[in-house]
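FYI, it's all coordinate maths here, none of it is from the lab. Values in this document were obtained by computation on a predicted structure and should not be read as measured data. Ideal geometry is used to build each Cβ from the backbone, glycine not excepted, and the neighbour counts take in all protein chains shown.
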Amino acid sequence: MSFHRTNRLPPYVFEDVNRLKADLRKKSVDIIDFGMGNPDLPTPQHILDKLTETVTNPRTNRYSASRGIPGLRQAHARYYARRFGVKLDPDSETIVTLGSKEGFANLAQAITAPGDVVLAPSPSYPIHTFGFLIAGGTIRHVDAPSPEDYLRGLEHAVKHCVPKPIAVVICYPSNPTAQTASLDYYRDVVKFAEKHDLLILSDLAYAEIYFGDKPTPSMLQVEGAKNRTIEFTSMSKTFSMAGFRVGFAAGAPHLVAALARVKSYLDYGAYTPVQVAACAALDGPQDCVAEARAIYKSRRDVLVESFGRAGWEIPPPDASMFAWAPLPSGCEAEGSLAFSKRLMREAGIAVAPGIGFGEHGEGFVRLALVENEQRIRQAARAVGDFLDVEVSANA
């Protein structure tokens, strides 16, 4: 038996890699895993303390609130005011989601009619495209080798797209490419969206993982952006709370309301103690965020330096917990999926093949900074051995 919505989904590329990883681990092979962006840093203790304290209150074991408890929506509004200078109404302009991925998928259900076209970057995080395909929409992929190239491609796509698109996806710091965007760039995006009457769907999940002197901006800082923008953030990477499944959407009241209406039919919100713990994260001491950022930066530096000495040049990312790496010299012809599987079999290293992020991701792999520095150097030695074999084989 076949089903219309699942038939629209191609085979999940990462499943091939994950299956191979599981098979090798069953054989006791030590896999150094850069494949999934699954934070390995501990959740800060004050957050865990608030979680365990709240769990002991029997009232918190009842159904929670689909939109998020008021205290958490207020804490999120305070975060935006403190971090971006953006004022949000916690009742109409912010909503709690079960992670940013769920929020994005449910927004797609809320705003997409069959055949609606959404503009999305390629490469991009899979939910940015498949969320709309599942909802019955159509994706127009736009090559995004840089933010500026993406914006130029969007202009071309709008002119040649029938029917007219309804929305554009923006994701900086980017997953998977780790590209960043400036506030001036966001101003250009808002002008573009106003010109063509498009909604802006901004994914800001990696807002707090940046390595330069300038903090990552928010689309909502641009004057007029809030009229047509909804922006997603997440607790997963900032506070190492991936398993807690707490994210947010903020921005245009009519988009927040549409998302809230869909969610009201689907869930009762995250477990209340988890939401209370998220309040403690947003309102509590923020030195833990700076410490995590410093660890990711140090890992980035070790990865770039040690892999470079091993023969694999990796451009240093400016932000996010990922490095977007071209296939090593001599390995380009086999493609990112075959390379990723062979790297795992022969060197014990797992990476995410770029083709899994869209057609323009071919020729690259994504490495997540989720192994400690010792393991990164161990991986670099294995890469050196792997590439020496490659050189010998191709000599």
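Computed from the C-beta positions of Ala294 and Met1, the FRET efficiency with R₀ = 56 Å rounds to 0.60.
Between Val162 and Arg19, the modelled label-to-label distance comes to 4.1 nm, taking each label 7 Å out from Cα in the direction of the beta carbon.
Highest GNM mean-square fluctuation among Glu313, Glu362, Glu291, for the chain modelled with Cα contacts below 10 Å: Glu291. Label-to-label distance for Glu313 and Ala113 is 5.1 nm, based on points extended 7 Å past Cα in the beta-carbon direction. A simple spin-label model places the labels of His46 and Asp30 3.7 nm from each other, with each point 7 Å out along Cα-to-Cβ. In the range 1-110, a dipole from Cβ-located charges (positive for Lys and Arg, negative for Asp and Glu) runs towards its positive end, and of Thr43, Ala22, Ser2 it is Ser2 whose Cα lies farthest in that direction. Computed from Cα positions, the angle between helix 13-26 and the longest principal axis of the chain comes to roughly 60 degrees. Within the listed set Ser340, Ser100, Ser64, the Gaussian network model of the chain (springs between alpha-carbon atoms below 10 Å) gives the highest mean-square fluctuation for Ser64. Placing +1 on the Cβ of every Lys and Arg and -1 on the Cβ of every Asp and Glu, with no other charges, gives the range 57-283 a dipole of roughly 560 debye about its Cα centre. In summary, the lysines within cross-link reach of Lys26, defined as a Cα separation below 26 angstrom excluding same-chain residues under 8 places away, comprise Lys341. A cut-off of 5 Å between modelled amide H atoms, ignoring neighbours fewer than 5 places along the same chain, links Cys171 with Asp203.
If R0 equals 25 Å, the separation of the Cβ atoms of Ser146 and Asp301 corresponds to a calculated FRET efficiency of about 0.65. Helical content alone sets the calculated 222 nm signal of the chain at -14000 deg cm²/dmol, taking -39,500 (n - 2.57) per DSSP H segment of four or more residues and averaging over every residue. All Cα-Cα separations within the range 57-283 were binned at 10 Å from zero, giving a P(r) of 8, 35, 38, 16, 3, 0, each value a whole percent of the pairs. For the range 186-200, list residues with backbone N below 18 Å from a point placed 7 Å from the Cα of Glu155 toward its Cβ? The answer is 186-198, whose backbone nitrogens lie closer than 18 Å to the label point.
Just to be sure I understand: with springs between alpha-carbon atoms less than 10 Å apart, which residue in Leu88, Leu20, Leu255 has the highest mean-square fluctuation in the Gaussian network model of the chain? The residue with the greatest mean-square fluctuation here is Leu20.
Using the Cβ-Cβ distance between Tyr63 and Asp287 with R0 set to 45 Å, the FRET efficiency works out to roughly 0.85.
To the nearest 20 debye, what is the magnitude of the charge dipole of the chain about its Cα centre, counting +1 on the Cβ of each Lys and Arg and -1 on the Cβ of each Asp and Glu?
Once rounded to the nearest 20, the dipole reads 1100 debye.
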